[in-house]
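Some notes on the structure that comes next.
The values are calculated or read from the model by the stated rules, or taken from the named source; none is laboratory data. Note that the structure is predicted; figures quoted are calculated from it, not measured. Here the Cβ positions follow ideal geometry from the backbone for every residue, glycine too, while neighbour counts run over all protein chains shown.
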């Protein structure tokens, strides 16, 4: 998953460099050109999607959708640690990813970074994200996934809090920007492996879809909560984001392999 995700950083690296150069004067016709280019590449994306074909040797079996949903709910109920882990990931991603990405450019600009350099910093963060995504296997071979999840979660909390408290400090804002970009690059691939250990392959897509519904509900709650303090400025908003990320990080993640080994031992013991 990390290697697949790294492909997005390659396209981001090219897009932000070209885009920042084409819009360096912030003129209306330059932004019009960027919008047209965006539409063109979306059309290319559409044609690529239409070319996707189902594999000949496919293990997918059509089943009653309601029985699939019932099985997915059963998986979540039998593995409450899966829901807790999902909440851990989501409550960190929403403030550190979905919310922060809408304010990182104004933050960088207000900290004193010229507009034409923002694309360069985006490109540097894309390079770091690419390296981090391709190094997930190296990281998990040396450190436990749970430790990496907890460490990245607390890193997100610190980055958001520092951005909120010291928004006028160039180096703090810039350091927090790179930290939060790095967190977004490594958390999801690690979570994917942890969740795959808990979800049976035959019902995985349905279970993930059910969890996505929970994610959408949390989006409404978190965005609604943050909107009540957004009028007070960037500082209050980012501090609120840090508290939400802290809440998510504190939710426990159970070491899946250890539980599997315990179940295996109990199964092998004589009655």
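Things to note:
- From the options 99, 75, residue that is surrounded by 10 or more Cβ atoms within 10 Å (Cβ to Cβ) and modelled with pLDDT of 90 or more: 99
- Filtered by the rule that a residue be surrounded by fewer than 18 Cβ atoms within 10 Å (Cβ to Cβ) and in contact with a helix residue (DSSP H, G or I) (Cβ under 9 Å, 6 or more places away or on another chain), region 124-138 gives 124, 127, 128, 131, 134, 135, 137.
- Residue check, residue 214 surrounded by 15 or more Cβ atoms within 10 Å (Cβ to Cβ), out of contact with any strand residue (DSSP E or B) (no Cβ under 6 Å at 6 or more places or on another chain) and more than 22 Å from residue 4 (Cα to Cα): no
- For residue 171, the criteria (1) under 30 Å from residue 65 (Cβ atoms); (2) surrounded by fewer than 16 Cβ atoms within 10 Å (Cβ to Cβ) hold in every case but one, which is (1).
- Test: residue in region 48-71 that is at positive phi and not in a helix (DSSP H, G or I): no
- Each residue in region 203-242 was checked for being in a helix (DSSP H, G or I) and without any contact (Cβ under 8 Å) to a residue 12 or more places away in the chain, and 13 of them qualify.
- Residue ranges of helices (runs of 4 or more DSSP H) in region 77-188 with at least 2 members without any contact (Cβ under 8 Å) to a residue 12 or more places away in the chain and within 27 Å of residue 1 (Cβ to Cβ): 136-142, 145-165
- Filter result for the condition that a residue is loosely packed, with under 15 Cβ neighbours inside 10 Å, more than 19 Å from the chain's Cα centre (by Cα) and on the phi < 0 side of the Ramachandran plot, over 220, 231: 231
- Residue in region 247-269 that is at pLDDT below 85, under 18 Å from residue 98 (Cβ atoms) and surrounded by 15 or more Cβ atoms within 10 Å (Cβ to Cβ) present: no
- Selected residue (criterion: surrounded by the most Cβ atoms within 10 Å (Cβ to Cβ)) from residues of region 31-71 that are in contact with a helix residue (DSSP H, G or I) (Cβ under 7 Å, 6 or more places away or on another chain) and at pLDDT below 90: 68
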